[in-house]
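What follows is a set of notes on a single structure, which appears directly below.
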């Protein structure tokens, strides 16, 4: 299912577990305490159409403990003031209802809290507040990255996001970015690339003890005079798909170590 980037803020819906005049709307600071050495509980039900991850953001004075579906997910002590987005934790939601409980403890003076489910960075909010036609390249990249990170199914769509396509474009152990680009030219664009020179060779795998990413290994391959011109046009298309591993699983790091 494809979801518009402009509907990012509507992916998760929330409702209070019951009517409350003391908590007020989420996303605003609240100060329900009128005495020291006291505790306040906030209960929310987060509805998600699918199992997915979500960022919960908090500000608190003085201490906070958070449970999701009965399991503790965050503990913080001795925060000096209520600051929006002061604390954040990434949680895994179940499909359907998820039960969130906050315990805010006030030790002395006036205490309070701030809470929001679904943190949106300031640069993304600024972009969403302007017409898409007016976005700068930096805003476009920020919104696209946030869309991929938050919207269920955004990483999958079309032929080039299918697992079979990436398995075909690899040797089942490592990705080979040249293969997808060759497919684009031959099958999709009907413009086959020129054959490689006889001495071109393969992009070398890492030797024992090396930890070079595919991007770094291709950069080394392009240093060869006989390979530079062809790879200058081939590599960008394949590298754009390096977030998919050799069997089509999404990744952000190569072999759990280097960013792709």
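What follows is calculated from the coordinates using simple rules that are stated; it is not laboratory data. Note that this is a predicted model, so its numbers are computed, not measured. Cβ atoms come from the backbone with ideal geometry, glycine included; neighbour counts cover every protein chain shown.
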| note | Sorted on mean Cβ neighbours within 10 Å (highest first), peptides 139-147, 52-60 come out as 52-60, 139-147
| field | Separation of the residue 247 and residue 41 label points, Cα + 7 Å toward Cβ, nm | value | 4.4
| If you count, for each residue, the other Cβ atoms within 10 Å and average over each peptide, how do 214-222, 25-33 line up from highest to lowest? | 214-222, 25-33
| field | Cα-projected label distance for residue 191 with residue 31, points at 7 Å along beta-carbon direction, nm | value | 6.4
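Order the peptides 186-198, 89-101 from the highest to the lowest mean number of other Cβ atoms within 10 Å of their residues.
Result, highest mean Cβ count within 10 Å first: 89-101, 186-198.
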